[in-house]
Amino acid sequence: MDLLQPEPGLIFWTTVTFALVLGILWKFAWNPILGALEAREEAIRKTIDDAERLQSEAKTLLEQHEAKLAEARTEGNRILDEARQAGDRLKGDVLDKARTDAEQVIARAHRQLELETDQALETIRNEAAGLAIKAAEKVIQRSLTEDDHRRLAEQAVDEIARASG
Amino acid sequence: MTAFTTTIQHGAERADEAAHGEQGVDVVHHLADSHVLELEPLGTFQLPQWEFFGLDVSITKYTVYMWLAAALMLLIFLPMARRRGGVYTGMYNLFEALFVYVRDEIVYANIGREDGRPYVPFLATLFFFILFMNLLGLVPFGATATSNLAVTGVLALFSFIAIEASGVVANGPVKYARSLMPEGIPLVLAPVMIPIELIGHVAKPFALMVRLFANMTAGHVVILSLLGLIFIIHSYLVAPVAVAFSIFIYMLEILIAFIQAYIFATLTAVFIQLTRHPH
């Protein structure tokens, strides 16, 4: 067989084979594969778009949350400051009140003490007078001289005066 | 005297052996189509010889390898089309990558994304059919069906039909026929212009036919010639050099197998685009 001489048999079979392969693959392979590829490319594109959209959404959400967090933090600090100030104020008030109360109590106690001292002195004075009188009675019962009386009386008066002084 | 005779006799033997050796690597015999499948050392198989209405439609060596290429295509791409979802691995990815390459770089790059879609099946078939036939010539016992003018001629004819049909579909028959006579050219030149345009239309597929045939034949001729050197020079010293060179050419042929399939499909796509938008 010659190298440059086309054989009619080969022409025939090439035509038949190529036409059959073309027809079969066109219907059952190329178009389905083409469709599947395009569907997959579309799906990938959509997935990437979705991911990008979700990422940007997440980013804005994160920013919002961070802003809210910062806001909450300053708010918290403000509340804490206010509470601290209020506490300080309250502490001052309570201390002041306690101090004045204590002073009042002390003053009242002083007054009471003076009163009771006065009463005690009064009582002692009365008691002393009573005792002097009783002593005088006893001396008198023994019938002392007039000098004795005088001396005794003076003595008693001196004692009283010393006690009260 | 005896020594001289021996030399002569030896020389004669050599010449005889050389002649026999040349027969052993007959380049044309190897490249030409035949009714025999040579699968040494398994033996040779006589292929059936048929006639169909007086036409010789025998199954030949190239027919067998063309069918092998066609069967491979069906075996690879039909299951690929049925596959849905899941993780794609191995061979699937290889052929999908090739198919996507054909789609994007050959069809869409030349014809356009929207317009090119209907041409994807034809050009993909063309590309893979040629590629598989080219590669089958590189396996042991294989034969390159594309190194035959009948095969490349029929493929070019299909390209021709696709190119002309795309022109008619895109422009309508009247406008497409009018493109044979470009506007603005004096009517006097019509007898010159129209034949030139017609020749241009025929020359394109003719060039496709010859290019593929010549490229696929040339590589084999070079390899066989290099190996033939061993038998012609009749020396073991030639063998390493010849084998090394033929391995180099073989590697080149793998590249050429892809390049020629690419060129055939790409040029068809380019010509389709040209006829879709005449002048």
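To the nearest whole number, what is the average tally of beta carbon atoms from other chains within 10 Å of the beta carbons of peptide A:27-39?
Partner Cβ neighbours, averaged per residue: 6.
Over region A:32-165, with a single point scatterer placed on each C-alpha, what log10 of the ratio I(q)/I(0) does the Debye formula yield at q = 0.17, 0.19, 0.20, 0.21 1/Å?
Reported log10 I(q)/I(0), two decimals: -1.02, -1.09, -1.13, -1.16.
Using a 10 Å cut-off on Cβ to Cβ distances, tally the other chain neighbours for every residue of B:63-72 and report the average as a whole number.
The per-residue average across the peptide is 3.
Once both axes come from the Cα atoms, what is the angle between helix A:146-164 and the longest principal axis of chain A, in degrees from 0 to 90, rounded to 10?
Approximately 10 degrees, to the nearest 10.
Let me know the charge dipole size of chain B about its Cα centre in debye, to the nearest 20, where only the beta-carbon of Lys, Arg (+1) and Asp, Glu (-1) is charged.
1140 debye
Compute the relative contact order of chain B as a whole-number percentage, counting only Cα pairs closer than 8 Å that sit 6 or more residues apart in sequence.
24 percent
Just want the answer: with Cβ charges of +1 for Lys and Arg and -1 for Asp and Glu, which residue in B:170, B:41, B:147 is farthest toward the dipole's positive end in the protein assembly as shown?
Toward the positive end, the furthest listed residue is B:170.
Using mean Cβ contacts within 10 Å as the protection proxy, how do B:109-118, A:86-95 order, highest first?
B:109-118, A:86-95
With helices defined as uninterrupted DSSP H runs, which ones in chain B have an alpha carbon span along their own long axis of at least 30 Å and mean Kyte-Doolittle hydropathy of at least 1.6?
Sorted by number, the helices that extend far enough and score high enough are B:149-171, B:238-276.
Report, by chain and number, residues whose modeled amide H sits under 5 Å from the one on residue B:57, excluding near sequence neighbours (fewer than 5 apart, same chain).
B:50, B:51, B:52
Could you work out, for chain B, what percent of all Cα-Cα pairs fall into each 5 Å distance bin, beginning at 0 Å and stopping at the bin that holds the largest distance?
Result, from short to long distances: 1, 5, 9, 12, 13, 13, 11, 10, 8, 6, 4, 3, 2, 1, 1, 1, 0, 0 percent.
If R₀ is 22 angstrom, what is the calculated FRET efficiency for the pair residue B:255 and residue B:67, using the beta carbon separation as r and rounding to 0.05?
Efficiency at R0 = 22 Å is approximately 0.30.
Once every Cα of region A:5-67 carries one equal point scatterer and solvent is ignored, give the base-10 log of I(q)/I(0) from the Debye formula at q = 0.19, 0.24, 0.26 Å⁻¹, two decimals.
Log10 I(q)/I(0), no solvent term: -0.81, -0.93, -0.98.
Taking the Cα centre as origin and putting +1 on Lys and Arg beta-carbons and -1 on Asp and Glu beta-carbons, what dipole magnitude results for the protein assembly as shown, to the nearest 20 debye?
860 debye
Radius of gyration and Dmax for the protein assembly as shown's Cα atoms, expressed in Å?
Values for the protein assembly as shown (Cα only, Rg and Dmax): 60.4, 212 Å.
Across all directions of projection, what mean area in square nanometres is found for the Cα convex hull of region A:48-126?
In nm², the orientation-averaged hull projection of region A:48-126 is 6.8.
If the only charges are +1 at each Lys and Arg Cβ and -1 at each Asp and Glu Cβ, what is the size of the charge dipole of region A:9-164 around the Cα centre, to the nearest 20 debye?
760 debye
Once the other residues with Cβ under 15 Å from the Cβ of residue B:139 are scored (Lys, Arg +1; Asp, Glu -1), what is the net sum?
Net of charged neighbours comes to -2.
Would you mind giving the mean number of other chain beta-carbons within 10 Å of the Cβ of each residue in B:115-123, as a whole number?
Mean inter-chain Cβ contacts per residue within 10 Å come to 3.
Read-outs: derived from the displayed coordinates by stated rules, not from any lab. Computed from a prediction, not measured in an experiment: that's the story for all the values here. Positions of Cβ are backbone-derived with ideal geometry, glycine not excepted, and every protein chain shown enters the neighbour counts.
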